[in-house]
Amino acid sequence: MARTIRVAGLILAGGRGERLGGTIKSELVVGGLRLLERVALPLADCSPLLVAHGRLDPAQLRLPAHFRPVPDLPGDYAGPLAGLAAAVAHLALLAEPPELLVCAAVDAPFLPTGYVDWLIAGLGPHDAAIAGYSGQPYPTNSIWRLARIAQLPAEVLAGTAPRSLKSLAARLDSVLQDWPRTAAGDPFANINTPEELAEMQRRAGTSGGVRED
């Protein structure tokens, strides 16, 4: 699909993995790749490619050279909403900001091929589209029109922004873009526990774990 609009990518990678023993989620390995690298694959055509690292030191994420780290804005906001606001603030400084921003959760290792174009198709004339499977929304896997969320950084700084991506989407003209059910299973399933990590590694045909090199 040839694109006529500019699309930026954002990997939400600030998770500390408390239920995984405090492991930095982006360092987990599934299918022979760190989650950070694996999730970046379907965002390869996005420019720029941002990584929201929250309160983590970006050096801990060992970012490839073309990844741009974006820290949370000052204040008490945290999590995916804070990461999105930080990305919007960063993109606003560019000479030619993109029109769309695609988000991907770093702990969702099975994002489908064609993920970005599929979200663009689902977005249509709307402000945002949230990826879903069997009716289950995954707001961290989503696409947003930057013009419609341009005030989000100022709202975060003022303490008046919504506290979640779900709440943000609810106040916009947003749609749920549901991935069709297939034998491959939920492409947006994510990792929060050791059991879920083991299942994802089984699904990928690997017995990897935390990268040690």
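The values are calculated or read from the model by the stated rules, or taken from the named source; none is laboratory data. Computed from a prediction, not measured in an experiment: that's the story for all the values here. Cβ placement follows ideal geometry from the backbone for every residue including glycine, while neighbour counts extend to all protein chains displayed. Just so you know, the surface numbers come from the protein's heavy atoms only, side chains and all, with ligands and any DNA or RNA stripped out. Shrake-Rupley method; radii C 1.70, N 1.55, O 1.52, S 1.80 Å.
Points to keep in mind about this one:
- Residue that is under 20 Å from Ala131 (Cα atoms), assigned to a helix (DSSP H, G or I), open to solvent by less than 10 Å² (accessible area, probe 1.4 Å) and not polar (S, T, N, Q), where the choices are Leu41, Leu91, Leu119, Leu101: Leu119
- Condition check for Pro58: over 22 Å from Asn190 (Cα atoms) and surrounded by fewer than 22 Cβ atoms within 10 Å (Cβ to Cβ): no
- Condition met for Ala183 (part of a loop (DSSP other than H, G, I, E, B), of a type in the set (A, V, I, L, M) and in contact with a helix residue (DSSP H, G or I) (Cβ under 9 Å, 6 or more places away or on another chain)): no
- Evaluated against (1) more than 15 Å from the chain's Cα centre (by Cα); (2) in a strand (DSSP E or B); (3) of a type in the set (Gly, Ala, Ser), Gly132 falls short on exactly one condition, (1).
- Tally, over the range 12-38, of residues that are in a loop (DSSP other than H, G, I, E, B), crowded, with 22+ Cβ neighbours inside 10 Å and not aliphatic (A, V, I, L, M): 2
- Filtering Ala65, Ala78, Ala89 for residues that are of a type outside the set (D, E, K, R) and closer than 19 Å to Arg6 by Cα leaves a single hit, Ala89.
- Pairs where the first residue, in the range 13-41, is over 15 Å from Pro80 (Cβ atoms) and of a type in the set (Lys, Arg) and the second is open to solvent by less than 50 Å² (accessible area, probe 1.4 Å) and in a strand (DSSP E or B), C-beta under 9 Å, 6+ apart: Arg34/Leu28; Arg38/Val29; Arg38/Val30
- Residue check for Glu199: part of a loop (DSSP other than H, G, I, E, B) and among the acidic types (Asp, Glu): no
- Residue match in the range 72-84 (condition: free of Cβ contacts under 8 Å to residues at least 60 places away in the same chain, assigned to a loop (DSSP other than H, G, I, E, B) and of a type outside the set (Val, Ile, Thr)): yes
- If only residues of the range 131-155 that are open to solvent by 10 Å² or more (accessible area, probe 1.4 Å) and of a type in the set (A, V, I, L, M) are counted, the one that is farthest from Pro180 (Cα to Cα) is Ala154.
- The set of residues in the range 28-50 that are touching a helix residue (DSSP H, G or I) at 6+ places or on another chain (Cβ under 7 Å) and aliphatic (A, V, I, L, M) comprises Leu28, Val30, Leu35, Leu36, Leu43, Leu49, Leu50.
- Check on Pro109, open to solvent by 30 Å² or more (accessible area, probe 1.4 Å), in contact (Cβ under 8 Å) with a residue 40 or more places away in the chain and out of contact with any Pro (no Cβ under 9 Å at 6 or more places or on another chain): no
- Of all residues making up the range 44-55, the number that are out of contact with any Gly (no Cβ under 6 Å at 6 or more places or on another chain) and open to solvent by less than 20 Å² (accessible area, probe 1.4 Å): 3
- Looking across the range 183-210 at every residue that is β-branched (Val, Ile, Thr) and modelled with pLDDT of 90 or more, the one that is most open to solvent (accessible area, probe 1.4 Å) is identified as Thr193.
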